Amino acid sequence: MLKRYGTFMLAGMAANFLLTGPVGAATAEPNKPALEQEVQELKKKLTDVQGMLDELDARVGDTEKHSTTDRLLWNVDLRTELNSLHYQDALVMPEFAQVMLGLWAFDKMAVPLSDFDLPSNPSGDGHTDYTFNGMYAQDAKYKPVLQGMMPNMYMGGFISGFYLPTGAEGFGLGTDPLFVSKAMADGMIDGMGGNHNNPADVAAFFVMFNGAVTDGVPVLANSATASTAAGAPLFGREFDRNARDMYKAMFRNIAPAKQDIDNDAIMTARLRLDMKSDATANVSFGGRLSANKVFGDSSGVQWFTGSFDSVAMDGNVHQKGSDSAVRMERGFVTYRNDWDDVHWHFSLGRRPALGGAPWEVGANSQIGASPLSHAINWQFDGASLGFDISKPTHVEGMNFKICWGQGFESGPASGNSYAMDYSSDVKDVHFLGYIFRLYDDGKTTVSNMTARAMKVTDGFTGLTAMPFAINGLDYNNDGAFDTFTLSANTGGYISRFEPSANIGDMDLITLLMQTKYEGWDFFLSLAGNMAHPDGQSQSAMMQFMGTDAMLNSDGGQESRSGQSVWLGVKAPIAFTKGSLGFEYNWGSKYWFGFNGGEDTLGASKLATRGQVYELYYHQPVVGTKFLISLGGQYFDYKYTGSGNPLGEAKEIDEANALDALMPVPTKMWSGYINLNYRW
C-alpha cells in the first residue's frame with residue numbers, strides 16, 4: 001500500500017511539473033536546455049525515491065508477514081470416517097457362567113436356606129446354611145449344565161452337603177428334608193459299592209437321588225454351599241484367598257463359549273489443529289490440539305473389556321474414539337545450534353510421539369513423530385537431544401537422538417488415591433532410549449530405536465466403566481490380598497483407573513528399512529521386547545483374574561521375550577493418480593510394545609499376537625487438500641492378551657472361562673472409508 005501511494009504521489013508531482021512548468025516561469029520564455037536538465041534531474045530523483053519505496057515496502061511487508069507467521073502458523077486436518085467392525089467367534093464366558101457371575105456380584109447367588117422354607121442351620125455347625133439361587137439353578141437352560149458340574153463341585157469342596165427333598169421315603173430317609181453332609185454322602189457312596197473320590201460314582205449318586213424325587217423338587221436345588229473359614233458362604237460377595245483359588249480353579253475347568261460381536265456402522269470425526277512458529281533461527285515451537293469424536297457419543301469413556309484400549313488414558317485418548325473435547329496432543333519448544341560440523345538440537349515438552357515411521361505410508365501423510373511406531377506409538381511427555389552427524393561421518397542423513405519420557409506420575413500432586421498412604425511405594429514410570437538414523441538419502445532410510453521402560457506399572461491412570469469391582473484387604477501387608485469383596489456396577493458408573501504397583505522393566509528394540517523406487521514405497525520393520533518382571537499387581541481385580549505380573553500369571557516372575565514383523569508396499573495407480581497399498585503384521589506369543597495409541601477404532605494391529613492383513617486405497621479428489629480412502633483389515637489372533645503387559649499369554653485354543661472373563665478376540669475384520677480435508 002505504501003508503495004502504491006508513494007508512486008501515485010510522485011507521478012502526480014511529475015505530471016504537474018510537466019504541465020505547468022517551474023513556479024514563476026509562467027510569464028517568461030522558457031529556457032529549454034535548462035528545462036530539459038531539470039526534467040532529467042527530476043526523473044533521477046523519482047527513480048531514487050522509487051528504489052527507496054521498493055526497499056521500504058519489502059521491509060514493511062516482511063515485518064508484517066513475520067509478525068503473523070513467527071507467532072503462529074496453523075494447519076487443519078479433518079477426517080470423517082465410517083467403520084464397520086466384526087468380531088467372529090470371540091471367546092466369552094458361557095451364558096450360565098455370565099448369569100452366575102452377575103448374581104454373584106449382586107450377592108444373590110448364594111441365598112439362605114430359609115428362603116426355601118427350610119431351617120437355616122439344620123447341620124448344626126454354627127453357621128447359617130446357604131444354597132444356590134433356586135430361580136437360577138432350576139432354569140431349564142442352566143439346570144443341565146449345573147447338574148453336570150455338581151459332582152466336581154462336590155468333590156472340590158464347593159458343596160458342604162445337600163438336602164434330600166420330601167418324597168425320598170423309598171430310601172428310608174423319611175418325609176422331612178434331611179441334611180446330608182459331605183462326610184455322610186461319602187459314606188453312602190462307599191457303602192453302595194462306589195468310591196467317593198471317583199467323579200463317576202459321585203455323579204451316579206447325584207443322578208440316583210434326583211431320580212428318587214417324587215414331588216418335582218430336585219436335589220440340585222437344595223445343595224448346600226460350603227462356607228469360608230469366616231463362616232461366609234461360597235459364592236457370597238465376600239470371600240477369602242482360599243475361596244478365591246477355588247473359584248479360579250472352577251472357572252479354569254469351564255470351556256469358554258464363542259460369540260459374534262458386530263458393529264455394522266460407527267462413525268468418527270477426527271480434528272487436528274497443528275501449530276508452528278519460528279521465533280528465531282534457533283528457537284521454534286510445535287504443537288497440536290486434537291479431538292476424535294464418535295458420532296452419537298459424548299462421554300469419552302468406554303466399558304472395560306479387559307484391554308487397556310478401553311481405558312481413556314493419556315497415551316491413547318487423542319487417537320481412540322472419544323468425546324468432543326479438544327486436548328493438547330503435543331506442545332514442545334526446540335533449540336537448535338551448530339557445534340563445528342555437527343548440527344544439534346534440544347527439545348522439551350509434550351512429545352510428538354504418535355504416527356512415527358513407517359505409519360505415514362499407510363496414512364498417506366508426512367511422518368508424524370520421532371519414535372518408530374512399531375514399538376512406541378503412545379503419547380508421553382519428555383525431552384530429546386539430537387545430533388546430525390552426517391558431515392563428520394560422511395554418511396548421508398546420519399542422525400543420533402537421545403530420548404527421555406515420563407509415562408506416569410505417582411506423587412500426591414497427581415491425585416492418586418494411595419499417594420499419601422504410608423504403605424504406598426509406587427514409583428514414577430520413565431522411558432529412556434535412542435533413535436539412530438543410520439542412513440537417509442531422501443529415498444532410502446535405515447533406522448534403529450532402542451528403549452527401556454523403567455518401573456512399568458500395572459496400567460496407566462485413566463477413566464473407564466467397570467462391569468463390576470473387586471476390592472481387597474491385605475491384613476499382613478505381604479502383597480497378596482487376604483479377603484475380597486465383589487460389587488456390581490449397577491449404574492455403569494465411571495471409575496478412575498489407576499496403577500497399583502510397579503511390575504518391572506521392559507526393553508524394546510526396532511529396526512526399520514524404508515525405500516522409494518519409481519513412485520513405489522516399500523518398508524520392513526522388525527521389533528522385539530524383553531520383559532524383566534519385578535513385582536505383583538496390587539489390584540484385587542488382577543489378583544482375582546490371575547493376570548497380576550508382567551507377562552506372567554499368579555505372581556510369576558519369569559523373564560519372557562517377544563518378536564514382531566511389519567512389512568508394507570504402496571504402489572501408484574497412474575490412471576487415477578491414487579495409490580494402492582498392502583501391509584502385513586505378525587506378533588509372537590509374548591510380543592508387547594507401547595503402541596496402543598494406534599489411530600483405529602478396533603484393536604491395535606501393531607500389538608497383535610497373531611497375524612493382521614490390511615489392504616487400502618487412497619484417491620486424491622482435490623490435490624493433496626481433499627482425499628478419500630477406503631480399506632479393510634483382517635485379524636487372526638493366535639494368543640491371548642494382545643496389547644496387555646499383564647498375564648501369561650495362552651494359545652487361543654487353550655483359553656478357559658477365566659481367561660474369557662472379558663471377551664477374547666479370535667478373528668476380527670473391519671472395513672473403513674474416510675474423507676480427509678487437509679489445509
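The values are calculated or read from the model by the stated rules, or taken from the named source; none is laboratory data. Everything numeric in this text was worked out from a predicted model, so none of it was measured. A quick note on method: Cβ atoms are made from the backbone with ideal geometry, for glycine too, and the neighbour counts reach across all protein chains shown.
Considering segment 143-202, and only residues there that are among the polar types (S, T, N, Q) and at pLDDT below 75, the residue that is farthest from Ala243 (Cα to Cα) turns out to be Thr175. Consider Tyr439 carefully, then state whether it is within 28 Å of the chain's Cα centre (by Cα), in a strand (DSSP E or B), at pLDDT 95 or above and surrounded by fewer than 16 Cβ atoms within 10 Å (Cβ to Cβ). So Tyr439 does not fit the description; no.
Restricted to segment 321-344, and to residues there that are in a loop (DSSP other than H, G, I, E, B) and in contact with an Asp or Glu (Cβ under 8 Å, 6 or more places away or on another chain), the residue that is farthest from Gly356 (Cα to Cα) is Asp323. Checked against (1) among the acidic types (Asp, Glu); (2) modelled with pLDDT of 95 or more; (3) assigned to a loop (DSSP other than H, G, I, E, B); (4) under 23 Å from the mean Cα position of the chain (by Cα), Glu558 passes all but a single condition, namely (4). Checking segment 299-315 against the condition returns a match, with at least one residue being charged (D, E, K, R), assigned to a loop (DSSP other than H, G, I, E, B) and within 30 Å of Leu72 (Cα to Cα).
For every residue, the table says whether it meets (1) surrounded by 15 or more Cβ atoms within 10 Å (Cβ to Cβ); (2) within 30 Å of Ile573 (Cβ to Cβ); (3) at pLDDT 95 or above; (4) not acidic (Asp, Glu).
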residue	(1), (2), (3), (4)
Asp458	yes, no, no, no
Ala465	yes, no, no, yes
Leu473	no, no, no, yes
Asp478	no, no, no, no
Ile494	yes, no, no, yes
Thr515	no, yes, yes, yes
Gly519	no, yes, no, yes
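Residues that are among the hydrophobic types (A, V, I, L, M, F, W, C), touching a helix residue (DSSP H, G or I) at 6+ places or on another chain (Cβ under 8 Å), more than 16 Å from Phe460 (Cβ to Cβ) and in the same structural domain as Ala603 (by TED's automatic domain parsing) do not occur anywhere in segment 308-331. Of all the numbered requirements in (1) within 21 Å of Val664 (Cβ to Cβ); (2) over 25 Å from the mean Cα position of the chain (by Cα); (3) surrounded by 15 or more Cβ atoms within 10 Å (Cβ to Cβ), Met275 misses one, and that requirement is (1). Would it be correct to say that Val294 is over 22 Å from Leu78 (Cβ atoms), among the hydrophobic types (A, V, I, L, M, F, W, C) and modelled with pLDDT of 90 or more? Answer is no for this residue.
Taking segment 345-379 as the range and being within 19 Å of Met313 (Cα to Cα) and part of a strand (DSSP E or B) as the test, the residues that pass are Gly349, Arg350, Ile376.
Determine whether Leu463 is free of Cβ contacts under 8 Å to residues at least 40 places away in the same chain and under 30 Å from Asp240 (Cα atoms). It is false that Leu463 is free of Cβ contacts under 8 Å to residues at least 40 places away in the same chain and under 30 Å from Asp240 (Cα atoms).
Applying the condition of being acidic (Asp, Glu) and touching a Ser or Thr at 6+ places or on another chain (Cβ under 8 Å) to segment 548-603 and asking which residue is nearest to Asp264 (Cα to Cα) yields Glu598.
Would segment 581-599 turn up any residue that is without any contact (Cβ under 8 Å) to a residue 24 or more places away in the chain and of a type outside the set (A, V, I, L, M)? Within segment 581-599, not a single residue is without any contact (Cβ under 8 Å) to a residue 24 or more places away in the chain and of a type outside the set (A, V, I, L, M).
Given the options Gly492, Gly504, name the one that is more than 30 Å from Thr576 (Cβ to Cβ), over 19 Å from the mean Cα position of the chain (by Cα) and in a loop (DSSP other than H, G, I, E, B).
Gly492
Can you find a residue that is surrounded by fewer than 17 Cβ atoms within 10 Å (Cβ to Cβ) and under 26 Å from Tyr439 (Cα atoms) anywhere in segment 542-554? No, segment 542-554 has no match at all. Among the residues of segment 235-285, those identified as within 30 Å of His318 (Cβ to Cβ) and of a type in the set (A, V, I, L, M, F, W, C) are Ile261, Ala265, Ile266, Met267, Ala269, Leu271, Leu273, Met275, Ala279, Val283, Phe285.
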